[in-house]
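Colleague: Have a look at this one before I ask anything.
The values are calculated or read from the model by the stated rules, or taken from the named source; none is laboratory data. Please read these numbers as outputs of a predicted model, since none were measured by experiment. Cβ coordinates were reconstructed from backbone atoms using ideal geometry, including for glycine residues, and neighbour counts include every protein chain displayed. Just the protein is used for accessible areas: all its heavy atoms, side chains included, with ligands, DNA and RNA removed. Shrake-Rupley method; radii C 1.70, N 1.55, O 1.52, S 1.80 Å.
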Amino acid sequence: MNDFIAARSQMALSLAFHIIFSCIGMVMPFFMAVSHYYYLRTRKMVFRNITRAWSKGVAIFFATGAVSGTVLSFELGLLWPGFMKHAGPIFGLPFSLEGTAFFIEAIALGFFLYGWGKFNKWFHWFTGVVVGVSGLISGILVVAANAWMNSPAGFDYKDGIYYNIDPVKAMFNDAWFSQALHMCIAAFAATGFAVAGVHALMVLRRKNIEFHSTAFKIAAIFACSAAILQPLSGDHSARDVAKRQPAKLAAMEGLFQSGTHVSLLIGGIPDSKTHSVPYSFEIPGMLSFMIGGNVSTEVKGLDQFPVDDQPPVVITHIAFQLMVALAMVMFTVSVLYFFVLWKKRSFEKNRWLLRLFALSTPLGFLAVEAGWTVTELGRQPWILHGILRTQDAVTPMPGIQYTFYLFTAVYISLALFVILLLYRQIRMVPVLYDVPDGKV
Amino acid sequence: MIYVVIIYLWTSLLLYLLLGGADFGAGIIELFTSDNNKDRTSSKMTRTIGPIWEANHMWLIIVIVILFTGFPEIYAAVSTWLHVPLLIMLMGIIARGTAFAYRHYDAVEDEMQKIYNKIFRYSSFITPFFLGIIAGSAVSGTINPQAKGFADGFIFSWLHFFSVAVGLFTVSICGYLAAIFLIGETETEQERKRYIVKARSMNFAAVVSGGLVFLSAAIDHVPLTQWLFGNAVGITAITAALISLIIQWRLIRKGKKTIIRFLAGFQISMILVATTFFHYPHVVLMSGEQYLSLMEHHGDDKAVRSLALALLIGSVFILPALFYLIYSFQKKRPQEI
Ligand code: HDD
Ligand code: HEM
Ligand code: HEM
């Protein structure tokens with residue numbers, strides 16, 4: 001493995017790891033705020049127990065998210081000094097604002113986790129909401145920084161010199177809104193499906209039914225609303241990509257030849273030699289229609305770009321197909337769920353639905369990882385789209401493959417620890433929280 | 001505006017050294033505590049710093065963000081040539097942060113606790129040790145951007161007596177801060193005595209490793225004595241640090257915890273003043289008179305301005321909230337769920 005590939009893999013691994021924890025850090029506080037709210041309103045113990053059980057889980061995720069985030073802020077320099085040297089001042093603004101958001105989040109978390117029974121109960125509730133809001137804001141800010149890499153703005157560039165820098169313009173680049181919106185919804189869908197799935201499984205096993213079915217419901221309502229909205233936002237993202245990064249769109253769609261009346265390909269494995277996509281299913285004219293609202297819209301294919309400027313098409317296409325397929329599955333499950341809710345059927349009688357949810361536990365996170373693969377791989381060979389090549393940004397230090405192996409080992413062990421801890425938390429639910437209403 | 005940024009950079013570094021340092025120190029003390037007292041130290045620590053634990057470590061993030069936004073060349077150079085010690089420090093941060101949280105939130109108390117504790121203690125030592133190594137190598141003139149070969153460029157940039165001595169000194173300062181902090185949190189006389197003994201041995205370690213720093217500076221040709229004693233500010237700061245150390249020891253018996261903590265903090269700030277003042281604004285001193293300076297190697301003016309504004313606005317939100325957090329939990333013993 002050469003150093004360049006190793007550096008990219010290490011970055012990818014670190015981000016792919018971090019994103020799981022940051023999604024949970026962004027979303028769980030809202031779930032907790034809901035159940036905490038119901039507890040304060042109704043004084044039903046089950047809501048209090050759910051809030052507390054979740055907050056213990058969240059504390060584990062927070063700690064892991066915080067360290068992996070700290071690692072990332074160093075890794076940007078450790079792996080890509082050639083990029084940060086120029087990019088730092090331009091896209092540093094969202095990161096510096098994010099610093100504030102993290103700080104607020106950490107402070108509010110201190111109040112929330114350690115403040116049970118010490119403060120006015122609504123103040124305590126409010127600190128939980130602040131954790132969520134500042135998490136969401138920090139997510140939006142980092143994604144804005146990433147969007148700037150896709151859609152550079154706020155500076156002029158000539159012969160390696162970056163001048164006329166305007167950090168505010170850089171932050172509000174063309175891609176920030178579509179990416180941030182899509183990411184926020186994704187975080188709710190992914191976390192929601194994961195949480196709902198775990199609780200559904202416990203209900204199926206007939207363990208602590210009241211506890212788990214209430215928790216399931218809170219998570220499922222968030223998850224399903226997000227999963228129903230997500231295709232809309234994704235459609236918006238795709239059109240946005242078509243405008244600002246046509247090469248990425250071509251790679252996503254496996255589109256080798258430009259043209260009008262372009263068909264949408266579903267599935268398939270692009271073959272760069274024959275410029276075809278075997279095993280795919282074609283919907284004639286559909287891609288042109290989706291991009292421009294009209295089948296005669298011209299869509300740029302990879303033939304418009306020199307080979308050196310083309311993103312890797314196989315993985316980008318497959319990752320995109322995977323994200324969309326998962327979106328469709330989650331969409332269907334969500335519609336079914338709302339239908340059952342609307343009919344007021346009991347879940348005890350609809351165990352198939354719980355089973356569906358249990359099976360869907362990892363789908364949201366898979367979609368998140370696939371989506372980021374599309375975004376990041378589709379940007380290649382550029383680290384800063386159209387301006388700086390990833391290859392020219394990498395650290396001169398040799399031996400990056402060994403640091404990559406090291407990080408791989410570290411992240412695998414962290415993941416194992418987190419799984420173990422979570423398993424133990426869930427197993428302890430009966431001991432810690434299974435008290436009938438009114439006692440305690 | 002560049003001065004606003006520099007002040008924030010320096011202050012965040014100091015606060016990280018103080019608050020993060022006390023936190024590292026707790027682990028260091030655990031590491032050097034006899035087996036039967038270890039658990040008491042760790043549970044005391046969790047109870048007292050649990051609520052502000054996350055916040056303490058945010059200062060490092062602020063330092064990094066200021067560096068890459070405001071001083072990108074410095075950030076890029078340091079992370080290139082000091083890649084290895086930064087990497088080890090990161091490993092320490094990962095291990096510490098997670099072990100601290102995991103040992104606390106593991107729903108089952110069993111043998112795993114031993115593993116968490118071990119990881120926590122060793123990484124509490126390694127992290128500030130490498131932090132010190134990084135600080136030491138940044139100014140010792142051993143970074144050589146023209147170096148050919150892996151060892152010269154990426155190993156001998158940081159592996160030498162001086163930086164190792166600075167690392168040890170940083171470790172003992174952290175231990176000392178933690179002991180001073182814990183003295184104020186004790187409930188029984190016997191416990192108090194225990195931490196006073198700890199504070200004394202950490203103080204002793206700091207003196208010894210401080211001596212090593214001077215010795216190794218001489219060996220590695222780092223003009224440390226000139227930085228510290230070659231100018232009025234350096235001399236004043238070092239004297240102030242010494243005086244405050246002496247007063248601390250007088251007061252420790254009387255048990256005035258706020259004043260002692262304040263004095264210990266003051267002492268560390270003075271040490272940081274003394275070691276940074278002389279070569280300011282040059283923050284990275286490399287081989288052959290090459291340097292990186294806060295005044296010459298900062299980013300674009302507009303970027304610096306927006307960074308300064310972001311920091312100022314951020315403080316308006318952060319500082320009151322942070323004070324209220326610390327204040328609340330000083331009054332009320334944090335009750336953990
Ligand atoms: C639960 C997760 C999830 C789901 C269900 C979807 N996506 Fe997505 N998608 C993401 C999670 C995600 C993501 C991981 O959050 C990405 C990566 C970067 C970003 O901004 O969002 C992303 C990126 C992303 C991009 C690239 C944006 C860019 O590079 O700027 C496009 C075009 C789409 N998505 C399109 C869709 C479509 C058409 C979907 C449904 C039909 C869809 N996504 C469902
Ligand atoms: C957390 C979600 C994210 C994931 C899962 C993710 C994923 C990836 C992947 C897969 C790569 C490797 C690309 C390749 O090898 O071709 C990569 C590279 C990179 N990402 Fe992201 N990314 C995320 C967010 C971000 C954000 C928010 C930023 C910056 C603000 C960022 C900056 C980078 C950089 C600098 C590289 C290396 C250069 C490059 O390969 O272009 N990423 N990321
Ligand atoms: C290059 C990219 C990134 C960097 C440098 C980065 C940096 C950080 C840092 C330093 C932290 C620790 C803050 C703390 O101590 O609480 C953190 C946590 C967090 N990050 Fe990231 N991050 C990156 C990518 C992302 C992405 C893509 C998202 C979301 C969309 C995200 C969302 C969050 C959230 C919500 C937290 C707080 C929750 C938690 O601590 O678990 N980050 N990140």
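Colleague: Taking A:Ala251, is it away from chain B (no Cβ under 14 Å) and within 16 Å of ligand 2 (Cβ to nearest atom)?
Modeller: For A:Ala251, the condition - away from chain B (no Cβ under 14 Å) and within 16 Å of ligand 2 (Cβ to nearest atom) - is met.
Colleague: Report the residue count in the range A:30-72 for those that are away from ligand 3 (no atom under 16 Å from the Cβ) and of a type outside the set (A, V, I, L, M).
Modeller: Number of matching residues: 14.
Colleague: Take the range B:134-154 and flag every residue that is of a type outside the set (A, V, I, L, M, F, W, C) and in a helix (DSSP H, G or I).
Modeller: B:Gly136, B:Ser137, B:Asp152, B:Gly153
Colleague: Keeping to the range A:1-29, report how many residues are away from ligand 3 (no atom under 13 Å from the Cβ) and under 17 Å from A:Leu136 (Cα atoms).
Modeller: Total satisfying the criteria: 0.
Colleague: Next question. So which residues in the range A:190-244 are in a helix (DSSP H, G or I), in contact with an Asp or Glu (Cβ under 8 Å, 6 or more places away or on another chain) and away from ligand 1 (no atom under 13 Å from the Cβ)?
Modeller: Answer for the range A:190-244, where residues must be in a helix (DSSP H, G or I), in contact with an Asp or Glu (Cβ under 8 Å, 6 or more places away or on another chain) and away from ligand 1 (no atom under 13 Å from the Cβ): just A:Phe211.
Colleague: Where in the range A:60-179 are there helices (runs of 4 or more DSSP H), lying wholly inside it, with at least 3 residues that are at the interface with chain B (Cβ under 8 Å from one of its Cβ atoms)?
Modeller: So the answer is A:81-114.
Colleague: Name the residue that is nearest to ligand 3 (Cβ to nearest atom), counting only residues in the range A:378-400 that are assigned to a loop (DSSP other than H, G, I, E, B) and within 14 Å of another protein chain (Cβ to nearest Cβ).
Modeller: A:Ala393
Colleague: Inside the range A:421-440, can you point out the residues that are within 23 Å of the chain's Cα centre (by Cα) and either at the interface with chain B (Cβ under 8 Å from one of its Cβ atoms) or modelled with pLDDT under 80 (or both)?
Modeller: If the condition is that a residue be within 23 Å of the chain's Cα centre (by Cα) and either at the interface with chain B (Cβ under 8 Å from one of its Cβ atoms) or modelled with pLDDT under 80 (or both), then A:Leu421 is the only one that fits.
Colleague: Cβ contacts < 9 Å: first residue modelled with pLDDT of 90 or more, restricted to the range A:171-192; second residue among the charged types (D, E, K, R), any location; separation 6+ or different chain. Result?
Modeller: Pairs found: A:Phe177/A:Asp240; A:Ser178/A:Arg239; A:Ser178/A:Asp240; A:Gln179/A:Asp240.
Colleague: Could you look through the range B:104-118, keep only residues that are at the interface with chain A (Cβ under 10 Å from one of its Cβ atoms) and in a helix (DSSP H, G or I), and pick out the one that is farthest from A:Ser68 (Cα to Cα)?
Modeller: B:Met112
Colleague: Taking the conditions exactly as written (over 23 Å from the mean Cα position of the chain (by Cα), within 12 Å of ligand 2 (Cβ to nearest atom) and modelled with pLDDT under 90), does A:Gly92 satisfy them or not?
Modeller: no
Colleague: Turning to a different aspect of this structure: Quickly run through the range A:10-29 and pick out the residues that are away from ligand 1 (no atom under 16 Å from the Cβ) and either within 27 Å of A:Asn208 (Cα to Cα) or open to solvent by 30 Å² or more (accessible area, probe 1.4 Å) (or both).
Modeller: Within the range A:10-29, just A:Pro29 meets the criteria.
Colleague: Within the range A:264-321, track down each residue that is among the aliphatic types (A, V, I, L, M) and either in a strand (DSSP E or B) or at positive phi (or both).
Modeller: A:Leu264, A:Leu265, A:Ile266, A:Ile283, A:Val299
Colleague: Also, I was wondering about something else. Evaluate the range A:198-221: report whether one residue or more is buried (at least 16 other Cβ atoms within 10 Å of the Cβ) and in contact with a Cys (Cβ under 6 Å, 6 or more places away or on another chain).
Modeller: Looking through the range A:198-221, none of the residues is buried (at least 16 other Cβ atoms within 10 Å of the Cβ) and in contact with a Cys (Cβ under 6 Å, 6 or more places away or on another chain).
Colleague: Out of A:Thr403, A:Thr375, A:Thr361, which single residue is within 16 Å of ligand 1 (Cβ to nearest atom), modelled with pLDDT of 85 or more, part of a helix (DSSP H, G or I) and surrounded by 15 or more Cβ atoms within 10 Å (Cβ to Cβ)?
Modeller: When all the criteria are applied, what remains is A:Thr375.
Colleague: Moving on. What are the residues in the range B:85-102 that are more than 8 Å from every other protein chain (Cβ to nearest Cβ) and open to solvent by 20 Å² or more (accessible area, probe 1.4 Å), if any?
Modeller: Scanning the range B:85-102 gives B:Ile88, B:Ala95.
Colleague: Do you know which residues across the range A:379-388 are more than 9 Å from ligand 2 (Cβ to nearest atom) and either closer than 30 Å to A:Val195 by Cβ or surrounded by fewer than 21 Cβ atoms within 10 Å (Cβ to Cβ) (or both)?
Modeller: Answer for the range A:379-388, where residues must be more than 9 Å from ligand 2 (Cβ to nearest atom) and either closer than 30 Å to A:Val195 by Cβ or surrounded by fewer than 21 Cβ atoms within 10 Å (Cβ to Cβ) (or both): A:His385, A:Gly386, A:Ile387.
Colleague: Could you count how many residues in the range A:101-117 are more than 16 Å from ligand 2 (Cβ to nearest atom) and open to solvent by 20 Å² or more (accessible area, probe 1.4 Å)?
Modeller: Counting residues in the range A:101-117 that are more than 16 Å from ligand 2 (Cβ to nearest atom) and open to solvent by 20 Å² or more (accessible area, probe 1.4 Å) gives 2.
Colleague: Can you tell which of A:Leu322, A:Leu287 is touching a strand residue (DSSP E or B) at 6+ places or on another chain (Cβ under 7 Å), modelled with pLDDT of 80 or more and either buried (at least 16 other Cβ atoms within 10 Å of the Cβ) or closer than 20 Å to A:Gln380 by Cα (or both)?
Modeller: Only one candidate qualifies: A:Leu287.
Listed here are the residues, each with its yes/no results for (1) open to solvent by 50 Å² or more (accessible area, probe 1.4 Å); (2) more than 7 Å from chain A (Cβ to nearest Cβ); (3) at pLDDT below 75; (4) closer than 30 Å to A:Lys118 by Cα.
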residue: B:Tyr291; (1), (2), (3), (4): yes, yes, no, no
residue: B:Glu296; (1), (2), (3), (4): yes, yes, no, no
residue: B:Gly299; (1), (2), (3), (4): no, no, no, no
residue: B:Arg305; (1), (2), (3), (4): yes, yes, no, no
residue: B:Leu311; (1), (2), (3), (4): no, no, no, no
residue: B:Leu319; (1), (2), (3), (4): yes, yes, no, yes
residue: B:Leu325; (1), (2), (3), (4): no, no, no, yes
residue: B:Arg333; (1), (2), (3), (4): yes, yes, yes, yes
residue: B:Ile337; (1), (2), (3), (4): no, no, yes, yes
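Colleague: Right, next: Would you please list the contacts, defined by Cβ atoms under 6 Å and residues six or more apart or on different chains, that run from a residue in the range A:375-393 that is within 14 Å of A:Pro81 (Cβ to Cβ) to a residue that is of a type in the set (Gly, Ala, Ser) and away from ligand 1 (no atom under 14 Å from the Cβ)?
Modeller: Close Cβ pairs satisfying both conditions: A:Ile383/A:Ala393; A:Asp392/A:Gly82; A:Ala393/A:Gly82.
Colleague: Now for a separate question. Pick out the one residue from A:Thr274, A:Thr297 that is open to solvent by less than 40 Å² (accessible area, probe 1.4 Å) and over 29 Å from the mean Cα position of the chain (by Cα).
Modeller: After ruling out the rest, the residue left standing is A:Thr297.
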